[in-house]
Amino acid sequence: MPIQLLKEVEDEVIHLLRDLIRIDTTNPPGNETKAAKYLSENLDKEGFKCELFESAPERGSVITRLKGTGEKPILLLLSHLDVVAANAEEWSVDPFAGVVKDGFVWGRGALDMKGMTAIEVMVMKLLKRNGVKLKGDVVLAATADEEQGGLSGADYLLRNYPEKIFATYVLNEGGGLAVPTQNRNVFTVQTAEKGILWFKVKAKGTPGHGSMPNVADNAIMRINKVVEKLGNYRSRVSLVPTVKSFLEEIAREDTALKEPFSRLLANPELADEILDELAKTAAQLAEEVRPRLRMTITPTIIHGGIKENVIPSECETVFDCRILPGQESAQTIGLIKALLEEVDSEKLVFESLQMQEPSESKAETPLYDAISAVLREFEPNCGVTPMLTTGGTDSRFFRRKGSTCYGFQPMHPEMSSGKVVKREHGTDERISIENLVFGTSVLYETVKKFMT
Ligand SMILES: [Zn+2]
């Protein structure tokens, strides 16, 4: 029988998502327990045994498992229950009402990532209802705290209950959205993410009166040089396997991209020149590729001064630095300190604020093959490509423990009256009903293909 969209579960998956959106899990504070309990009750009704874990009061996560014969490794369907804040005044609907209109489910978390939670729950139910004979366990975990770093959610569970949540393979957020190219859709699978290095630089000076600038030694002038130096720094280009495959796949059947991307792949040192040229016709794409080729340093906070006529004795800036898989925080810190030395060797203080190592999974696995095969059953001429995200997800905790993790919520570009919608963390976040059904169908078939 040819592969088909599971239109019959449309109402059920919409219902799940609406209910989840209506439970406000804005983090901070999170309050994910309510959502975890909702899922647990919903799944209990179909004979699942769910377990609830709280890292702190109201910070709940839920886990359930479908047993397999043990012939195949464990697969985890991972999602997070918390969402970022939404300012209702900026929205055209109530962000926590779970409104359905114009073919979309609207609300905070529709894309990031209660939509995928609903899809994963639906997939678990279908596996059970249809009596799919699994060769390995399929685990579902919907966790707390991803938006604040995951320490009270996925990381907490992995540290305290590895036997409940660890899996050789993990499907999570971060990828799946198709990139429309000239002749076809290219579906992305997130196989890698950059690491985070947040740091602060404090510039010291000698205070003085604002009316006599040369008597003082102005910390603001000093931090200004630091911002210039680090903010404009362009580090060496480095092509990690995921990005190489991405550029090759995106350009494969696109006449406009084939030439620049082939040139870039052959001469990474000319990347900026090539992307500057590409930006003239495809600015968005060029600027999406650029930070995937190198470590970046961005100034994000600046503080200093107390009064109009006082030259302050210190001033500080916070930087958001993102490093590629294969690069190490310690080395990057060394490089940053060397740059600071060039500005001033005595009056600058470096302080590291937070570090998360980058992570990457291979694309050469049977799970990746299953994903590609299923996508091509739904859409024969589509492309499939590994992708690196510049932001982080909970996948990093699992990759650190040796799991193969893919960010994969299969979606077509969201179109609304001719325009592509992309609103994670933004206003009017929404997911099309078409993508809810498509996502459920592709994920269900993928799990079936991979686990039987
Ligand atoms: Zn997310």
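The values are calculated or read from the model by the stated rules, or taken from the named source; none is laboratory data. Because the structure is a prediction, the values reported are computed rather than measured. Every residue, glycine as well, gets a Cβ built from its backbone with ideal geometry; the counts of neighbours run over all protein chains shown. The area values use the complete protein model at the heavy-atom level, side chains included, leaving out ligands, DNA and RNA. Shrake-Rupley method; radii C 1.70, N 1.55, O 1.52, S 1.80 Å.
The single residue among GLU46, GLU10 that is closer than 22 Å to PHE438 by Cα and either acidic (Asp, Glu) or open to solvent by 70 Å² or more (accessible area, probe 1.4 Å) (or both) turns out to be GLU10. Scanning the stretch 97-143 for residues that are touching a Phe, Trp or Tyr at 6+ places or on another chain (Cβ under 6 Å) and open to solvent by 10 Å² or more (accessible area, probe 1.4 Å) yields a count of 2. Among residues of the stretch 375-393 that are in contact (Cβ under 8 Å) with a residue 24 or more places away in the chain and in a loop (DSSP other than H, G, I, E, B), those with a Cβ under 7 angstrom from a residue that is within 16 Å of the ligand (Cβ to nearest atom) and basic (Lys, Arg), sequence gap 6+ or separate chain, pair up as THR390/LYS194. Within the stretch 199-227, residues that are within 30 Å of ILE333 (Cβ to Cβ) sit with their Cβ atoms under 8 Å from residues that are of a type in the set (Phe, Trp, Tyr), at 6+ positions apart or across chains, in these pairs: PHE199/PHE319; PHE199/PHE350; LYS200/PHE319; LYS200/PHE350; VAL201/PHE319; VAL201/PHE350. Tell me yes or no: at least one residue of the stretch 356-374 is modelled with pLDDT under 95 and either within 16 Å of the ligand (Cβ to nearest atom) or touching a strand residue (DSSP E or B) at 6+ places or on another chain (Cβ under 9 Å) (or both). The answer is yes; a qualifying residue exists. Within the stretch 348-367, residues that are acidic (Asp, Glu) reach partners that are open to solvent by 20 Å² or more (accessible area, probe 1.4 Å) and assigned to a loop (DSSP other than H, G, I, E, B) with beta carbons closer than 8 Å, at six or more positions or on different chains, in the pairs GLU357/GLU328; GLU360/GLY326. Among the residues making up the stretch 82-101, a single one is more than 23 Å from the chain's Cα centre (by Cα), touching a residue at least 24 places away in the same chain (Cβ under 8 Å) and part of a strand (DSSP E or B): VAL100.
The combined condition, being in contact with an Asp or Glu (Cβ under 6 Å, 6 or more places away or on another chain), in contact (Cβ under 8 Å) with a residue 40 or more places away in the chain and among the basic types (Lys, Arg), is fulfilled by LYS125. Can you name the residue in the stretch 67-81 that is open to solvent by 10 Å² or more (accessible area, probe 1.4 Å) and not basic (Lys, Arg) and, of all such residues, is nearest to the chain's Cα centre (by Cα)? Here the residue is ILE74. For the stretch 244-251, the count of residues that are more than 30 Å from the chain's Cα centre (by Cα), open to solvent by 40 Å² or more (accessible area, probe 1.4 Å) and without any contact (Cβ under 8 Å) to a residue 24 or more places away in the chain is zero. Taking the stretch 117-213 and the strands (runs of 3 or more DSSP E) fully enclosed by it, the elements with 1 or more residues that are within 16 Å of the ligand (Cβ to nearest atom) are at 138-143, 169-172, 185-193, 195-204.
Within the stretch 297-339, the set of residues being part of a loop (DSSP other than H, G, I, E, B) and aliphatic (A, V, I, L, M) comprises ILE306, LEU324. Of all the criteria given as (1) modelled with pLDDT of 95 or more; (2) under 20 Å from the mean Cα position of the chain (by Cα), the one not satisfied by VAL349 is (2). Among the residues of the stretch 242-254, those identified as modelled with pLDDT of 95 or more and closer than 17 Å to PRO291 by Cβ are THR242, VAL243, LYS244, PHE246, LEU247.
On the basis of being within 14 Å of the ligand (Cβ to nearest atom), closer than 16 Å to ILE14 by Cβ and touching a helix residue (DSSP H, G or I) at 6+ places or on another chain (Cβ under 9 Å), does GLY107 make the cut? Give the derivation first.
Details: within 14 Å of the ligand (Cβ to nearest atom): no; closer than 16 Å to ILE14 by Cβ: yes; touching a helix residue (DSSP H, G or I) at 6+ places or on another chain (Cβ under 9 Å): yes.
For GLY107, the condition - within 14 Å of the ligand (Cβ to nearest atom), closer than 16 Å to ILE14 by Cβ and touching a helix residue (DSSP H, G or I) at 6+ places or on another chain (Cβ under 9 Å) - is not met.
When GLU364, GLU379 are screened for being open to solvent by 10 Å² or more (accessible area, probe 1.4 Å), over 18 Å from the mean Cα position of the chain (by Cα) and under 11 Å from THR191 (Cα atoms), only GLU364 passes.
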